[in-house]
Amino acid sequence: MLFNSWGYVLFLLVGVALHWALPQRWRIGFLCFASMLFYAMWRWEFCLLVIFSAAVDFFCGKHIARATHKRRRRAFLLLSLVTNLGLLGFFKYTYFALDNLKKVGALAGLTGLADVDLGFSIILPLGISFYTFQTISYSIDVYRGVIRPIDRFPLFLAYVMFWPQLVAGPILRAGEVVEQLERPRTLDWRRLSGGLSLVVLGLFKKVVLADNIAPMVELWYEMDPNLLTGIDVWVANFLFGFQIYCDFSGYSDIAIGSAAMVGLTFPDNFNWPYMSRSPREFWRRWHISLSSWIRDYLYLPLTGREFQTRSTGGMGVASQPDQQQSHAKALLLTWLIMGLWHGAAWTFALWGLYHGLVVLLYRVLKPLQKLVERAPPLAWLLMLHVAMAGWIPFRAASLRQALAMFAKILNPTTYRISGMVTGMSLRLAGYSYLWAALLPLGMVAAYFARKRTAEGRVPPAVLHPAKIVVTALMVCLILISMQARKQFIYFQF
Amino acid sequence: VLAFQLLAQRFADFDPQQTGLGENTTSVEDARFDGRRVNLISADPGSVRELTETVRSQRAAQQRIALWLGASQLHAINDIQPSDRLAVVHANERGTRRNAPLAYVQFSAANANFHELLAVYLFLRSRGLSPDWLIAAVTYDDLREPGVRAEFAEMARAGLQALERPRGTGVHNLIREIETAAQTAATKDPVARSAVADTPQEALERALNRTLEGVWPAYRERGAVRAGLEVLWANAVVAAAFKVRGRPVVHVPEELASWNLEALDSLLEVAREDGVRVLLYRAPHRPGEARFYHDRAEYDRFFVRLGERCDERSVSFADLETIVPAEHWGVTNTGQPDVFHFSGVGHQALGSAVDSLMEKAD
């Protein structure tokens, strides 16, 4: 089910009301049922896949904990990993592998490969990348002895399938959720209204901001890159950067808000990432649960360092200047995998490598580290552009388009305001230049307004009416813009 | 909710279809002459069928067909009066009065560049609408329009299937644009396509929307509210920008103009091989502006070069820039003088001028 739909609004209101009306002992079962209903609104048959995946990990987790021999523990861990990664690989990467095989075959003169056809089509199950990582983390955590295995399958299923995080995260550890699910919860009106506010904020980010920025981004990316100027490419990048931020952080806000409405606390998944002054800070603020997962289950094991146990903190650890140079390979491999996790295409691999290289550069180049310490505004401006340029391969339809756009921003002779914009072309919406300038300014203003509010520097006589007006405006704009049409970008991963 | 209710009341009569053409300027989507349809502004199957019927009946009556292609100037009328007709109707009337065996039909689209006009020509040709004459309005401003919009890519796809072999760089550009459009569509498909299509949620959303519209009539107007707000916002931005900087002189980037002229070359090439005679004309432009909309020197140079290009290819070329007097032009949504759209009187002048050119050319 899409969050940005009236269906979800109804589902959430009824679901939350029923959850609190039911006795405590029925709530786990109810959350499982509601989550299955939520998923079945997309395709009911794929519920079985989620349940199968969860059942394997529940079984493996129990046996890992029970096993006395290390080999047996490893065997069950391996079973869990093979099942999860096998499913992910099959559903997500089969076509990609086949395409590449054909290309390699064509280069090697193996013409027979060109006609290879699977004979069936594969539908990517919604959220598979997310719930797979979640269940893998459970098995590994049990193996590492970080958590005890869950003894009731409904409880484990509620952890895996809990609807707010099922299809696009946050990717949570069992240690963060299960205890909350088990604990008796009482209705807290402040928490309920706080959750509802987050849902409204998330809907606003998605349906009002992201969905209205999207058509402008499409216009720029549909154009032949040779017709763009360097400034056009930056405009396109800034617009897409804000589109994906509003889209995904909007999703996360709705997820966290929905969880809060049934009394569960999820950690933040985004924390003003575009206010970062270095890649280290950026990866502590962007898609925190994924980068924390990658940190604990991929990067740190590759470097032989101590893992952490919570889905907070992100990949900041990988960017520390004191890292050994021998960790560079681990870093690049980690980011390559991070890129391919986002999508089965070489453009995503390039996106991952780009960020790996940026982290490496900041680690190696002392002037960049000094810039962060001595001139924070400049460091912020630089990092903002580095982050926005990074979206080129993420959004580009092909490697060729991505490279052509990179070439434009690296070539100073292409820097001029496009004639299409000075003429206020209807087609190209000259407004996109304006939007590309307004969005970062709006973000900075919102950041400092939020900071002042958090520090208690806004008098209540101003704060409360302002909150009412802003919320009313947001609800009004949501009413105008709400259409169950635009999918969240991260649903495709 | 109260604010939404008020907005819905304010914008209930707002018609998004009529925006963008300028203040008090109306798009005429279905023009008829002698009861027969003579214009199209989109390739919706019903309208195409009607136009095909017109062509078939006119051919049966031994009439030659003149297909007239151009931008929104051809279908927009400023300060429309009940008796106002499009230029294509006036051209037909004049042709009939002089007993010319000629029937005019028209396809126009807002901001259509030459690649899109080429797509339209190929599409109509594939639908049996191959004309005897091709008349094309050359709007300098549209030479800065990049790419090919999805609906035209669709038309081009159909049209190219009926083309025996690709002719000219413009056709190759078109093929590339179609491929890019398909690739982009495939890439963004998971995001762009309806996310609830063919899912149980689709039925749920339909039912909820129906219920909401039933119990709250203002909700029914959400499309109009959205469009109205967008237009208001856009106009406010442009008006503010003009206030600060003055209206900019609109440049046509050289690379875009050259790219679009490749499509014009292909259009002429395909028409020549089809045995179709061609008339190009410099589209009317509002005279007497204090500051010309484009760079006047660049603008004039372009049309001199275009005239030479036409001479080389034995294509008729005419200059109709000043045939509509200044008092018959409208204003834009931001209150600026509109240099593209004129009143019914202007349409009469254009229709008569084109038919008179055809009379001479014939």
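Here is the P(r) of chain A: all C-alpha pair distances, binned every 20 Å from 0, give 21, 55, 23, 1 in whole percents. The rule of thumb for compact globular proteins, 2.2 N^0.38 Å, goes into the C-alpha radius of gyration of the stretch B:270-362 1.23 times.
Taking H placed 1.01 Å from N in the peptide plane, check which residues at least 5 places from B:ARG36 or on another chain put their amide H under 5 Å from its amide H. Sorted by chain and number, the residues that satisfy this come to none at all.
Backbone geometry of the stretch B:60-69 corresponds, through the Karplus equation with coefficients 6.51, -1.76 and 1.60 at θ = phi - 60°, to 3J(HN,Hα) couplings of 4, 8, 6, 8, 8, 9, 10, 8, 10, 10 Hz, x marking Gly and Pro. Classify the stretch A:1-139: rounded, prolate or oblate, from the alpha-carbon gyration tensor (a ≥ b ≥ c, eigenvalue square roots; a/c under 1.5 rounded; otherwise prolate if a/b is larger than b/c)? Because a/c hits 1.5 or more and a/b fails to exceed b/c, the stretch A:1-139 counts as oblate. Legend: Rg and Dmax of the stretch B:75-185, from Cα coordinates, 16.3, 51 Å. Dividing the mean sequence gap of close Cα pairs (under 8 Å, 6+ apart) by how many residues chain B holds gives a relative contact order of 26 percent.
Quick check on my link table: of A:LYS102/A:LYS206; A:LYS103/A:LYS329; A:LYS62/A:LYS329; A:LYS205/A:LYS370; A:LYS205/A:LYS451, which ones sit more than 29 Å apart, alpha carbon to alpha carbon? In this structure, A:LYS102/A:LYS206; A:LYS62/A:LYS329; A:LYS205/A:LYS370 lie more than 29 Å apart at Cα. Inter-chain neighbour count for B:200-209: the average number of beta-carbon atoms from partner chains within 10 Å of each residue's beta-carbon is 6.
Taking a ≥ b ≥ c as the square roots of the eigenvalues of the Cα gyration tensor, the stretch B:193-310 is classed as oblate, since a/c reaches at least 1.5 and a/b does not exceed b/c.
Per-residue 3J(HN,Hα) values for the stretch B:322-335, derived from phi via the Karplus relation 6.51 cos²θ - 1.76 cosθ + 1.60 with θ = phi - 60°, read 10, 6, 9, x, 4, 6, 9, 9, x, 10, 7, 5, 9, x Hz in sequence order (x marks Gly and Pro). The mean count of C-beta atoms from other chains within 10 Å of the C-beta of residues in A:221-228, rounded to a whole number, is 5. Ordering A:233-244, A:114-125 by mean Cβ neighbour count within 10 Å, with the highest value first, yields A:233-244, A:114-125.
Axis angle, to the nearest 10 degrees, between helix B:254-274 and the longest C-alpha principal axis of chain B: 60 degrees.
All other residues whose Cβ lies under 15 angstrom from that of A:ILE409 are scored, Lys and Arg at +1 and Asp and Glu at -1, for a net of +2.
Per-residue packing, averaged as other Cβ atoms within 10 Å, sorts the ranges A:397-409, A:446-458, A:194-206, A:379-391 into the order A:194-206, A:379-391, A:397-409, A:446-458, beginning with the highest. Helix B:222-245 and the longest principal axis of the Cα set of chain B meet at an angle near 60°.
Computed packing ranks the peptides A:327-339, A:268-280 as A:268-280, A:327-339, most packed first, by mean other Cβ atoms within 10 Å.
Helix B:87-97 axis versus longest C-alpha principal axis of chain B: approximately 40°, rounded to the nearest ten.
Once you've got the GNM for chain B with C-alpha springs shorter than 10 Å, pick whichever of B:LEU229, B:LEU280, B:LEU117 has the biggest mean-square fluctuation. So, out of B:LEU229, B:LEU280, B:LEU117, the one fluctuating most is B:LEU229. When A:ARG72, A:ARG374, B:ARG37 are compared by accessible area of protein heavy atoms, the largest-first order is A:ARG374, A:ARG72, B:ARG37, using a 1.4 Å probe. Amide H contacts of B:LEU102 (H built 1.01 Å from N, in plane; Pro and chain starts excluded): B:ARG64 sit under 5 Å, all sequence-distant by 5 or more or on other chains. Comparing B:VAL276, B:VAL215, B:VAL138 in a Gaussian network model of chain B (Cα springs below 10 Å), the most mobile by mean-square fluctuation is B:VAL215.
When the convex hull of its Cα atoms is viewed from all sides, the protein assembly as shown shows a mean projected area of 41.4 nm².
The orientation-averaged projected area of the convex hull spanned by the Cα atoms of the stretch A:109-172 comes to 7.6 nm².
Set the Cα radius of gyration of chain B against 2.2 N^0.38 Å, with N its number of residues, and you get 1.06.
Take each residue of peptide A:232-245, count the partner chain Cβ atoms within 10 Å of its Cβ, and average: the result is 0. Near B:SER343, once Lys and Arg are set to +1 and Asp and Glu to -1 for all other residues with Cβ below 13 Å from its Cβ, the sum equals -3. Among the DSSP helices (H) of chain A, those spanning at least 18 angstrom by Cα along their long axis with an average Kyte-Doolittle hydropathy of 0.5 or more are A:6-21, A:45-66, A:189-203, A:230-261, A:327-342, A:346-364, A:376-389, A:431-454, A:460-481; this is a geometric and hydropathy rule only. Couplings for the stretch B:3-14, taken from phi via the Karplus curve 6.51 cos²θ - 1.76 cosθ + 1.60 with θ = phi - 60°, read 4, 5, 4, 5, 4, 4, 5, 5, 9, 4, 9, 6 Hz in order; Gly and Pro are left as x. Please work out whether the stretch A:83-242 counts as rounded, prolate or oblate from its C-alpha gyration tensor, where a ≥ b ≥ c are the square roots of the eigenvalues and a/c under 1.5 means rounded, while otherwise a/b larger than b/c means prolate and anything else oblate? Here the stretch A:83-242 falls in the oblate category.
Nearest 500 deg cm²/dmol is fine: what mean residue ellipticity at 222 nm does chain B get from its DSSP H runs of n ≥ 4 alone, each adding -39,500 (n - 2.57), divided by its residue count? Mean residue ellipticity at 222 nm (helix-derived): -17000 deg cm²/dmol. Per the 1.4 Å probe, what fraction of the accessible area of chain A, in percent, lies on carbon and sulfur atoms? Carbon-and-sulfur percentage of accessible area, whole number: 67.
For the stretch A:338-421, the convex hull drawn through the C-alpha positions has a volume of 125 cubic angstrom per residue. Near the amide H of B:ASP338, within less than 5 Å, lie the amide hydrogens of B:GLY330, B:VAL331, B:THR332, all on another chain or at least 5 residues away, with H placed in the peptide plane.
Most mobile of B:ALA100, B:ALA239, B:ALA203 per a Gaussian network model of chain B (Cα springs, under 10 Å)? Largest GNM mean-square fluctuation: B:ALA203.
The values are calculated or read from the model by the stated rules, or taken from the named source; none is laboratory data. Owing to the predicted nature of the structure, the values given are computational and were not obtained by experimental measurement. Cβ: placed from backbone, ideal geometry, glycine included. Neighbour counts: every protein chain shown. For accessibility, only protein heavy atoms count, side chains too; no ligands or nucleic acids. Shrake-Rupley method; radii C 1.70, N 1.55, O 1.52, S 1.80 Å.
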